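Since the structure comes first, as structure tokens, the remarks are kept for the end.
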Amino acid sequence: MISAQVAFGNSADTLGFVSPVDHQIRLTGNFMELRTNHFHSGIDIKSSKGVVGDNIKSVQDGYVSRIKLQSGSYGQSIYIDHPNGYTSVYAHLNEYIPEIDDYIKSIQYELESFAVDIYLPDSIIMIKKGQLIGQMGNTGRSFGPHLHFELRHTDTEIPVNPELLGLGPKDSVDPTFESLSIYTIGSDNSVENTETKYFKRINEHYYLFSDIVKVNGNKVAFGIQAFDQMNGSSNKNGIYSLNVNVDNENYYRWTASDFSFEESKKINGFIDYNKKVTLGQKVYKLYEPYCSAMSNIKTRNQGIVDLSDGKVKRIAIKAIDIFGNEANLYFKVSGLANNSNNNSSPAFLCDTTSIEKAGMFTVTFQPNTLFEKLSQPLAASTREIKGQKCHEIAIGSGTNAVSKYYKVETPIPNSYNENWTFVAFDKKSRLVNFGCDTLNSKMVSYVDQLGNFYTFKDLEAPTYQVINLEASQKSPWKVVIKDNLIPDGRTPDLFYRATVNGNWICMKYDLKNDILIFDDFVRLPKGNLVFELIIADSQGNSTKLRRVILSPEIN
């Protein structure tokens, strides 16, 4: 854990870290910022000129312990272990220094795979503090040139806030409150009603337009829509610390100092998931969910305020950034004395194993898969999708969240074969593929969201579009590859294999742009070339591209 002595400000630390960039650090994202289905595990450092190519340096002496290249996520990344007990991570890189790049290519060609995850002993690539290791890029799931930088405890891989260890910008800007959510809580701690309140602001203090909030119940909890900004940046970043006091007694406390990757998906119980899905708002819930709460949240009575005594309660909500700049909200709340909040019985609980059935489907939730008790029972039906009669299972709704994967299984229909899979529609009405396995004559899939799902027979092969396969080799070869289903959950990306004259070549896969790229022309033989590319999806559908590329010398 991070010492409380460095709770505010990136003061000079004793660990000897230096900046990973040559220019002033400006952030587009901070530690534990709210992202889709996960907390941000590092800081995002802006490019100096808005383009790739900034030098990236090691923040301390050490050795390269891991190199990972993938089509999405971190893209091209590198991990360096340091003798002080920390590991630094540098992601979305555009290039590596030659020593590292040559080592990576030797592994890629040995394994015949662009995507590699290499763990190195401490004697292969030694690195000095401040030594160049590569260039800032935009690879993987990155949508602008930047460096995603992390510090982790080497022994546990728990990421810690780099700004607490001296790596970050200075900041004198207070956090900003946008709205307050008032949750009327029922007898089983489920939300019966939600109201949204707005503020008037005087300096760093916020006040509601009405002096007292009146709740139609005897239990209440709160949520805050808030963001933080930094000097010289317009980006709306995450909050560092949140506190709630009720009549001067602390009811909720959370700080973005560190967290376990195992808990990252618990973000969907940490926020108001319903408002995120329906309104696109990032609302921090200032109370614990009924199940699967974050371990670094400290609460009294789960952050829920009891109003059954009929007394008016004084509420103080404080947001603090890492330099101690703060925003404060003060108001009062009252409820109905001795009111018994009635809730309908839940369809199933969240703190025990639940095995639920509907039609031909069986759904298994392990304990703490859900954040709250689920009120809707499962429902089975059929629906026509692309001319197919598909079996459908409705599991909760898209406004409910889960903290981990759960199992869905069904007997394999007679009309299905190895091409069957499990799909859902995304917000853009595209089919996403959760994949599946065959076990004991059953379809088995694991999904990490609630909503409506369908069995689907996928007979459509991936497609390709040649952008460039010029013989001149003056610009990279590029081929766009796409599939009718979008991989999600545990479904792998499209498989591909490219060869020239029968020998494997390393084509980079840029997943966000659906494109394969090859520019390592020095590895190609002279003369005419036969380029072949096989593309396959997870259901076994495949397509093949073959192109004879005549030597420019012969032409």
Discussion item. Using the Cα atoms of the range 256-383, I'd like the radius of gyration and the largest Cα-Cα distance, Dmax, both in angstrom.
Written reply: 18.5, 56
Worksheet item: Remind me, relative contact order of the range 91-161 in percent, using alpha carbon pairs under 8 angstrom and six or more residues apart?
Response: 42
Worksheet item: When the scattering of the range 171-237 is computed by the Debye formula from its Cα atoms alone, each counted once and equally, what is log10 I(q)/I(0) at q = 0.18, 0.19, 0.25 Å⁻¹?
Response: -0.76, -0.81, -1.07
Practice prompt. Take every Cα-Cα distance within the range 354-457, group them into 5 Å bins from 0 onward, and report for each bin the whole-number percent of pairs it holds.
Written response: 2, 12, 25, 28, 19, 10, 3, 1
Discussion item. Please list 3J(HN,Hα) in residue order for the range 53-58, calculated via the Karplus relation 6.51 cos²θ - 1.76 cosθ + 1.60 where θ = phi - 60°; whole Hz, with x for glycine and proline.
Written reply: x, 4, 5, 10, 10, 6
Response to the item:
If one compares the long axis through the Cα atoms of helix 98-111 with the longest principal axis of the Cα atoms of the chain, the angle in degrees, nearest 10, works out at 80
Worksheet item: What is the chain's relative contact order, in percent, from Cα pairs under 8 angstrom and six or more apart in sequence?
Response: 11
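Would you calculate a helix-derived [θ] at 222 nm for the chain, using -39,500 (n - 2.57) for each DSSP H run of n ≥ 4 and dividing by the full residue count, to the nearest 500? Mind dumping the intermediate values first?
Values: 3 runs with 25 residues, N = 555.
Taken over the chain, the calculation gives -1000 deg cm²/dmol.
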Discussion item. Based on C-alpha coordinates, I'd like the Rg and Dmax of the range 463-549, in Å.
Written reply: 13.3, 44
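Highest mean first, how do 454-460, 186-192 rank when packing is the count of other Cβ atoms within 10 Å averaged over residues? It would help to have the intermediate numbers written out before the result.
Details: 454-460: 19.3, 186-192: 16.7.
Ranking, from highest mean packing down: 454-460, 186-192.
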Worksheet item: What are the extents of the Cα atoms of the range 96-161 along their three principal axes, listed from largest to smallest and rounded to whole Å?
Response: 37, 32, 24
Worksheet, complete the sentence: Once Asn419 and Ser123 are pulled to full extension, the length gained, defined as 0.36 nm per residue separation minus their Cα-Cα distance, is 101.9 nm
Worksheet item: If you take the square roots of the eigenvalues of the alpha-carbon gyration tensor of the range 176-334 and sort them as a ≥ b ≥ c, do you get rounded (a/c under 1.5), prolate (a/b over b/c) or oblate?
Response: oblate
Item to complete: Determine how many Å³ per residue the convex hull of the Cα atoms of the range 4-165 encloses.
Response: 121
Worksheet, complete the sentence: Computed Rg/Rh for the chain (Cα atoms; Rh = Kirkwood radius) stands at 1.01
Item to complete: Would you please give the FRET efficiency between Thr399 and Ser308, computed as 1/(1 + (r/R0)^6) with r the Cβ-Cβ distance and R0 = 25 Å, to the nearest 0.05?
Response: 0.30
Discussion item. Based on alpha-carbon centroids, what's the gap between the range 422-474 and the range 113-155 in Å, whole number please?
Written reply: 30
Worksheet item: By per-residue mean of other Cβ atoms within 10 Å, what is the highest-first order of 85-92, 156-163, 229-236?
Response: 85-92, 156-163, 229-236
Response to the item:
Exposure-ranked with fewest Cβ neighbours within 10 Å first, Thr364, Thr352 stand as Thr352, Thr364
Practice prompt. Express the relative contact order of the range 4-165 as a whole percentage, based on alpha carbon pairs under 8 Å and six or more residues apart in sequence.
Written response: 32
Practice prompt. Can you run the Rg to Rh ratio on the range 199-258? Use alpha carbon positions and the Kirkwood inverse-distance Rh.
Written response: 1.01
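Applying a 10 Å radius around every beta-carbon, put 393-405, 521-533 in order of their mean neighbour count, most first. Mind showing how you got there, number by number?
Values: 393-405: 19.8, 521-533: 13.3.
The peptides rank, most packed first, as 393-405, 521-533.
Which order do Cys506, Cys436 fall in if you start with the one that has the fewest other Cβ atoms within 10 Å?
Working: Cys506 19, Cys436 26.
With the sparsest Cβ surroundings first, the list reads Cys506, Cys436.
Each reported figure results from applying straightforward, stated rules to the coordinates on display, with no laboratory input. Given the structure is predicted, the values throughout are model-derived calculations rather than measurements. Don't worry about glycine lacking a Cβ; one is built from the backbone with ideal geometry, like all the others, and counts go over all protein chains shown.
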